[in-house]
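All remarks here apply to the structure that follows.
The values are calculated or read from the model by the stated rules, or taken from the named source; none is laboratory data. Quantities reported herein were computed from a predicted structural model and do not represent experimental measurements. Cβ sites come from the backbone with ideal geometry, for glycine too, and all protein chains shown count toward neighbours.
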């Protein structure tokens, strides 16, 4: 059947298809080399990796290193804080996913209503700019605000007659700080994606709605949001895939690894780093990565199934 | 289309071939075929600008003397750990207790067993290292060559002498106790209420936990001062607990900066009146007024503590994947670093006349070019004792024979460990070690900067560690320790 349909293509269509295939080649090669080929490295997670210097990787991994089952995973669950580490990771990612969608979509809708080009460009640039600032730089900017004796906020508090706060010793404030910072940094970037989708919505729908006397909120509810649904679903499903991973810069650099804040700032990536920072234990780090990827993959598939049941067109596969 | 591709390929090959051939010439023919070339990976935070020039000078010298030259790589700790974990080939590598951890990696079989070679191939090296070979031993075999340097841990305060002795008329004695520091902090805080006399970063006090012999980091230790050596978690040592309480008291009094546990080293002010150091009696590296803007005087408050741990402060190991010829060449090279002062001074200070010069008393003074373009620590490059002693200026001359006095001091004042060279094999409990280490890292910064009250934090940390399997780990360490003591008695 496929052969016949291929055979029925005209010469120009075949040429076009060939050109498209060639265009995809760099991406296919890239994924093959950097995503599929290294998959054999999953074996690290189930091996006691004991390399002999000067021997090949395959010999070291598959011959010199014994299989140890799930032993490399045990350090992830021995810590009594493991539960809170995993909950922190899930909590922050859930908030980031929901807030990311709500804030980005809202901003994109508001910005799409701005018709003054220069102002729109200015707002767009201002919102996207934080995305390109490194967490290390942001960490020191935050320190300039939160330093106990030199920070701006404590200067203001003192001027108002209040006691200064030791921010880096106050875990209760940090959930909010981290959430605000993440939204501030990433919202602009995702907003651009939604803004592009809104720009692609057929303008005649809005004109017809305006003629019928629809208010702004009605236009958003009955035109913009339904039209944005596939984009929202795609980004949602993709972010579910990395729900067990976290931005190391946000959770390690910004709180400056302050011990008192660990209960609220320690996510799985930070825990793995802190556990293994003194030794390059490939097996343990592979076990953590495997766990993150597996959970992410399972959740991604589940969320895709749920999305498909709700709206077939919005699902990824 | 094909002919264009062929032409492009031909042009590329034509361009690459001479480069490949010439780069081959550079390495294999420079010193002749009989000269053995070794890859030497050592530790350094940065690569000095003139390192190529220094390696060339060293290679010219060693090629003639012993027929061995090196490709030197100065790498940061993460890179060395990665080289080791990824089975990369090298010939000689820097190893110690805290980087590229010797005991763990020797147990994994990553280093060449040099036991049968050293005495026959390098008799001078064998003789010079003497009793310190114990540091390079594991299960009765030798896998590393200890670097002769300060072999004990001696902790000291570094005072602004102009302020304390000059302005305040206080005496800075040669020796103090840790708690004797308080009046010095108090007087500075009174004079400068907005400043912190003991400002520190998250690294805390240099060498703060060195008064305990490490078994698992600073967490599970063997105290030096007990009649019978004992494996304990850190909170069971009252002396260190008292110091932690004192630190917390100083923190609450405002002697330590409030965000110490969050600050990186670079954020500290230059005019701090009290700093800390780990060195040896007679060390003058802290004393150059040009470095600080005031005269500095040191006062020793603890040590020297001597154990296998402190003796493993710097070592060189040979790759297990080496053939015997390369291993022998590497040993000859290490021997030259230990026996030939002229050769050793090249790696220590650079090229004579350009990077340093000799003073009349036999010590070395770096030139400005030396300070700017080749200023390295001595210990990553082999024997420190065999290098000339550095003076910080012509006015502050060091004792050229300081090492004889330092080692003599170890004999007279050394506080020796009773652990008899015990090394814990963590293989069976590695997951627990990893977990308790992660828990310790959550609290250690707050403790060692005085930020947290140890009487509040320690019980909390203890509970977390116990539920992570600490007691199981302690039992394992104690049973290995008992076995070790039994085997040597």
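Sort through A:106, A:94 and tell me the only one that's assigned to a helix (DSSP H, G or I), more than 22 Å from residue A:242 (Cα to Cα) and in the same structural domain as residue A:184 (by TED's automatic domain parsing). Before the answer, list the steps.
Working: A:94 fails: more than 22 Å from residue A:242 (Cα to Cα).
After applying the criteria, what remains is A:106.
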Starting from residues that are loosely packed, with under 13 Cβ neighbours inside 10 Å and modelled with pLDDT of 85 or more, keep the ones in segment A:45-74 and report whichever is farthest from the other protein chains (Cβ to nearest Cβ).
A:67
Mind listing whichever residues of segment A:82-100 are surrounded by fewer than 18 Cβ atoms within 10 Å (Cβ to Cβ) and within 16 Å of the chain's Cα centre (by Cα)?
A:90, A:91, A:94, A:95, A:97, A:98, A:99
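Every residue, every condition in (1) in a helix (DSSP H, G or I); (2) touching a helix residue (DSSP H, G or I) at 6+ places or on another chain (Cβ under 7 Å); (3) modelled with pLDDT of 95 or more; (4) not assigned by TED's automatic domain parsing to the domain that holds residue B:370, yes or no:
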{"residue": "B:16", "(1), (2), (3), (4)": "yes, no, no, yes"}
{"residue": "B:25", "(1), (2), (3), (4)": "yes, no, no, yes"}
{"residue": "B:55", "(1), (2), (3), (4)": "yes, no, yes, no"}
{"residue": "B:81", "(1), (2), (3), (4)": "yes, no, no, no"}
{"residue": "B:106", "(1), (2), (3), (4)": "yes, no, no, no"}
So residue B:202, is it in contact with a helix residue (DSSP H, G or I) (Cβ under 7 Å, 6 or more places away or on another chain) and more than 23 Å from residue B:243 (Cα to Cα)
no
Flagged in segment B:109-136 as in contact with a strand residue (DSSP E or B) (Cβ under 7 Å, 6 or more places away or on another chain) and within 14 Å of chain A (Cβ to nearest Cβ), in numbering order, are B:111, B:112, B:113
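Could you tell me whether segment B:263-270 includes any residue that is in the same structural domain as residue B:433 (by TED's automatic domain parsing), at pLDDT 90 or above and either on the phi < 0 side of the Ramachandran plot or out of contact with any strand residue (DSSP E or B) (no Cβ under 9 Å at 6 or more places or on another chain) (or both)? Outline the logic, then answer.
So the first thing to find is which residues in segment B:263-270 are in the same structural domain as residue B:433 (by TED's automatic domain parsing), and the list is B:263-270.
Restricting the remaining residues to those that are at pLDDT 90 or above gives none.
No, that holds for no residue.
Going by what's in this entry, would residue B:427 be described as facing chain A (nearest Cβ under 10 Å), surrounded by fewer than 16 Cβ atoms within 10 Å (Cβ to Cβ) and touching a helix residue (DSSP H, G or I) at 6+ places or on another chain (Cβ under 9 Å)? Talk me through it step by step, then tell me what you get.
On the way: facing chain A (nearest Cβ under 10 Å): yes; surrounded by fewer than 16 Cβ atoms within 10 Å (Cβ to Cβ): yes; touching a helix residue (DSSP H, G or I) at 6+ places or on another chain (Cβ under 9 Å): yes.
Considered against the rule, which asks whether it is facing chain A (nearest Cβ under 10 Å), surrounded by fewer than 16 Cβ atoms within 10 Å (Cβ to Cβ) and touching a helix residue (DSSP H, G or I) at 6+ places or on another chain (Cβ under 9 Å), residue B:427 comes out as yes.
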Matching option when the condition is away from every other protein chain (no Cβ under 14 Å), modelled with pLDDT of 95 or more and part of a helix (DSSP H, G or I), among A:127, A:111, A:87, A:178
A:178
Do we find that residue A:172 is crowded, with 16+ Cβ neighbours inside 10 Å and either touching a strand residue (DSSP E or B) at 6+ places or on another chain (Cβ under 8 Å) or assigned by TED's automatic domain parsing to the domain that holds residue A:132 (or both) in this structure?
no
How many of the residues in segment B:137-154 are at pLDDT 95 or above, touching a strand residue (DSSP E or B) at 6+ places or on another chain (Cβ under 7 Å) and either away from chain A (no Cβ under 14 Å) or under 30 Å from residue B:188 (Cα atoms) (or both)?
4
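Has segment A:27-41 got any residue that is without any contact (Cβ under 8 Å) to a residue 24 or more places away in the chain and part of a loop (DSSP other than H, G, I, E, B)? Steps first, answer last, please.
Keep residues of segment A:27-41 that are without any contact (Cβ under 8 Å) to a residue 24 or more places away in the chain, which gives A:27-40.
From the residues that got through so far, the ones that are part of a loop (DSSP other than H, G, I, E, B) too are none.
No, segment A:27-41 contains no residue that is without any contact (Cβ under 8 Å) to a residue 24 or more places away in the chain and part of a loop (DSSP other than H, G, I, E, B).
A quick yes/no check of all residues on (1) surrounded by fewer than 19 Cβ atoms within 10 Å (Cβ to Cβ); (2) assigned to a loop (DSSP other than H, G, I, E, B); (3) modelled with pLDDT of 95 or more:
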{"position": "B:125", "(1), (2), (3)": "no, no, yes"}
{"position": "B:131", "(1), (2), (3)": "yes, no, no"}
{"position": "B:166", "(1), (2), (3)": "yes, no, no"}
{"position": "B:200", "(1), (2), (3)": "no, yes, no"}
{"position": "B:218", "(1), (2), (3)": "yes, yes, no"}
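Residues checked against (1) crowded, with 17+ Cβ neighbours inside 10 Å; (2) in contact with a helix residue (DSSP H, G or I) (Cβ under 8 Å, 6 or more places away or on another chain); (3) within 10 Å of chain A (Cβ to nearest Cβ); (4) free of Cβ contacts under 8 Å to residues at least 60 places away in the same chain:
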site	(1), (2), (3), (4)
B:393	no, yes, no, no
B:423	yes, yes, no, no
B:433	yes, yes, yes, no
B:439	yes, yes, yes, yes
B:443	yes, yes, yes, yes
B:446	yes, yes, yes, no
B:451	yes, yes, yes, no
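Which ranges mark the strands (runs of 3 or more DSSP E) fully within segment B:244-331 that have 2 or more residues being surrounded by 20 or more Cβ atoms within 10 Å (Cβ to Cβ), in contact with a helix residue (DSSP H, G or I) (Cβ under 9 Å, 6 or more places away or on another chain) and within 13 Å of chain A (Cβ to nearest Cβ)?
Details: elements: B:274-279, B:296-306, B:315-318.
Ranges flagged: B:315-318.
Every residue in segment B:51-86 that is touching a residue at least 24 places away in the same chain (Cβ under 8 Å) and within 14 Å of chain A (Cβ to nearest Cβ), please.
Within segment B:51-86, the subset touching a residue at least 24 places away in the same chain (Cβ under 8 Å) is B:51, B:53-54, B:57-59, B:61-63, B:65-77, B:80, B:83-84.
Matches in segment B:51-86: B:75, B:76, B:77, B:80, B:83, B:84.
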When you look at residue A:245, is it more than 14 Å from chain B (Cβ to nearest Cβ), in contact (Cβ under 8 Å) with a residue 24 or more places away in the chain, assigned to a helix (DSSP H, G or I) and in contact with a helix residue (DSSP H, G or I) (Cβ under 7 Å, 6 or more places away or on another chain), yes or no?
no
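Name the residue, out of A:303, A:283, that is assigned to a helix (DSSP H, G or I) and within 14 Å of chain B (Cβ to nearest Cβ).
Details: A:303 fails: within 14 Å of chain B (Cβ to nearest Cβ).
Within the list A:303, A:283, the selection yields A:283.
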Which of the numbered conditions does residue A:289 fail, given that it passes all the others? Conditions: (1) buried (at least 24 other Cβ atoms within 10 Å of the Cβ); (2) more than 7 Å from chain B (Cβ to nearest Cβ); (3) in a helix (DSSP H, G or I).
(1)
Checklist (1) in contact (Cβ under 8 Å) with a residue 60 or more places away in the chain; (2) outside any helix (DSSP H, G or I); (3) within 14 Å of another protein chain (Cβ to nearest Cβ) applied to residue A:257, failing item
(1)
